[in-house]
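Q: Just dropping this structure here.
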Amino acid sequence: MDDIKNKILKLKKEKNAVILAHCYQNMEIDEVADYIGDSLYLSQMAAKTDADIIVFAGVYFMAQTAKILSPNKKVLLPRLESGCLMADMIDLAQLREFKSKHPNIPVVCYINSTAEVKSECDICCTSSNAIKIVDSLKSNKVLFLPDTYLGKWVESKLNGVEVITYPGYCPTHLRIKAEDIIAARKNYPNAKILTHPECHQSVTSISDFVGSTTGIMKYAKESEAKQFIIATEKGVYDRLKRDLPEKEFIMIKDNIICPNMKWHTLDDIYNALLQEEHEITVDKALANKALGCINRMLEVSK
Ligand code: 13P
Ligand code: SF4
């Protein structure tokens with residue numbers, strides 16, 4: 001482990017590379033990563049870095065967003081299998097059909113979407129800024145895609161805004177059910193239940209805190225409570241357990257794991273850096289259109 005770690009650190013220096021890692025990744029990746037966090041933070045870091053190479057330990061749309069934000073940098077995704085099932089639930093034809101059914105309404109896309117989809121949406125959002133982004137449109141109706149549950153959660157937080165959602169979802173987060181939350185409350189009456197907004201409304205509506213992966217970690221750190229139930233992907237639980245040993249963390253249930261987030265290993269990161277693969281490319285015209293959608297979000301999120 002130390003050997004591979006040192007080899008990566010050395011290569012990173014030689015090639016002026018940075019490693020961005022999402023907090024659902026295998027924990028070993030943190031040992032070599034420069035930036036670890038949620039989708040918003042990682043996209044901000046991708047836009048800011050002056051490295052020549054970005055190795056993205058995350059899923060495809062994240063690496064693609066990094067390339068759009070930093071077109072002159074080489075962006076590498078160590079394992080191409082790392083897609084996001086939710087992002088793949090809507091393509092351009094489906095987006096156009098959805099828009100044609102609801103004309104003249106501003107369109108917000110979750111960052112978990114393809115560059116093609118972003119290129120025909122008004123503004124992008126992540127789980128940490130979705131409420132702020134929808135609110136910034138000052139419209140009483142908004143189209144939201146692909147995540148119907150994030151969209152409906154935003155609607156529940158904004159008075160008088162109808163959020164018309166596309167029927168996409170995250171299969172991992174939908175495995176968490178209201179009955180799991182009810183059982184956790186009964187078994188751990190003093191615990192705070194922390195949930196990701198990709199969960200079903202029947203789950204988010206009875207949780208103590210709903211937020212992005214980084215938001216959940218920040219809440220656990222700053223809260224006076226000593227016991228927490230984690231209702232999101234297990235990577236968040238693993239990091240909280242490691243970083244806050246004085247507090248107790250309990251996973252809402254077994255196997256809340258996003259298989260696509262777990263592909264990259266340290267060996268893959270090393271190979272990616274050594275061979276400079278797999279390079280993510282985005283057609284220039286498409287990237288320019290998608291960039292407008294992402295930049296509008298970054299502007300509102302400042
Ligand atoms: P965050 O923006 O909270 O990191 O979420 C990304 C994601 O894919 C959650 O499933
Ligand atoms: Fe996509 Fe869900 Fe995996 Fe997040 S957890 S990357 S939304 S499939």
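All of the numbers you see were taken from the coordinates with simple rules; none came from a lab. The structure displayed is predicted, hence computed values, not measured ones. Cβ sites come from the backbone with ideal geometry, for glycine too, and all protein chains shown count toward neighbours.
Q: What residues qualify as long-range amide H neighbours of residue 210, i.e. H under 5 Å apart, gap of 5 or more or another chain, H built at 1.01 Å from N?
A: For residue 210, the qualifying residues are 195.
Q: Let me ask something else about it. Can you return the aspartates and glutamates within cross-link range of residue 73? Criterion is Cα-Cα under 20 Å, with same-chain partners fewer than 8 residues away left out.
A: Reachable aspartates and glutamates: 14, 34, 50, 52, 268, 276, 277, 279, 283.
Q: Let me ask something else. Placing unit charges on C-beta atoms (Lys and Arg positive, Asp and Glu negative, everything else neutral), compute the dipole magnitude of the chain about its Cα centre in debye, rounded to 20.
A: 620 debye
Q: If we sort 240-252, 264-276 on the protection proxy, mean other Cβ atoms within 10 Å, highest first, what's the order?
A: Ranking, from highest mean packing down: 264-276, 240-252.
Q: For a paramagnetic label modelled at 7 Å from the Cα of residue 174 toward its Cβ, which residues of the stretch 79-114 fall within the zone defined by backbone nitrogen distances under 14 Å?
A: 85-90, by backbone N distance to the label point.
Q: Turning to a different aspect of this structure: Of the listed peptides 279-287, 202-210, what is their order by residue-averaged count of other C-beta atoms within 10 Å, with the highest listed first?
A: 202-210, 279-287
Q: At 7 Å along the Cα-to-beta-carbon direction for both residue 10 and residue 267, put a label point, then send me their distance in nm to one decimal.
A: Here the answer is 1.9 nm between the modelled labels.
Q: So if I place +1 on the C-beta of Lys and Arg and -1 on the C-beta of Asp and Glu, and nothing else carries charge, what would the dipole magnitude of the stretch 13-52 be about its Cα centre? I want it in debye, nearest 20.
A: Values: 3 positive and 8 negative charges, 28 e Å.
Dipole size: approximately 140 debye.
Q: How are the C-alpha pair distances of the stretch 205-302 spread across 10 Å bins, as whole percents from the shortest bin up?
A: 12, 28, 27, 26, 7, 0
Q: So, one more: Gain in length, residue 298 to residue 279, computed as 0.36 nm per residue apart minus the alpha-carbon separation, to one decimal in nm? Don't skip to the end; give the middle numbers.
A: On the way: separation 19, 0.36 × 19 = 6.84 nm, distance 2.43 nm.
Taking residue 298 through residue 279 to full extension adds about 4.4 nm, to one decimal.
Q: Another question, if that's okay. What residues qualify as long-range amide H neighbours of residue 227, i.e. H under 5 Å apart, gap of 5 or more or another chain, H built at 1.01 Å from N?
A: Hits under the 5 Å cutoff: 192, 248.
Q: As an exercise, find the ratio Rg/Rh for the chain from alpha-carbon atoms, using the Kirkwood inverse-distance average for Rh. The partial results should precede the final answer.
A: Working: Rg = 19.0 Å, Rh = 19.7 Å.
We get a ratio of 0.97 for the chain.
Q: Just to verify a number: FRET efficiency for residue 88 and residue 224, C-beta to C-beta distance, R0 = 51 Å, to 0.05? Working shown, then result.
A: Numbers: r = 41 Å, r/R0 = 0.80.
The computed FRET efficiency comes out at 0.80.
Q: Mind checking which lysines have their C-alpha under 17 Å from residue 226, skipping anything on the same chain fewer than 8 residues away?
A: 186, 192, 218, 241, 247
Q: Straight-line reach from residue 99: which lysines have a Cα under 28 Å away, not including same-chain ones fewer than 8 places off?
A: 67, 118, 132, 138, 141, 152, 157, 284, 289
Q: Name the residue farthest towards the positive end of the dipole of the chain from the options 272, 72, 213, assuming +1 on Cβ of Lys and Arg, -1 on Cβ of Asp and Glu, about the Cα centre.
A: Of the listed residues, the answer is 213.
Q: Shifting gears a bit: Take each of the peptides 139-148, 45-54, average the number of other beta-carbon atoms within 10 Å over its residues, and list them starting from the highest. Walk me through the numbers on the way to the answer.
A: Numbers: 139-148: 22.1, 45-54: 17.7.
Highest mean packing first, the order is 139-148, 45-54.
Q: Give, as a single signed number, the net charge of other residues whose beta carbon lies under 15 Å from the beta carbon of residue 48, with Lys and Arg counted +1 and Asp and Glu -1.
A: On the way: positive: 67, 73, 302; negative: 34, 50, 52, 299.
Net of charged neighbours comes to -1.
Q: I would also like to ask the following. What nm value, rounded to one decimal, do you get for the distance between residue 34 and residue 185 when each label is placed 7 Å out toward the C-beta?
A: 4.5 nm
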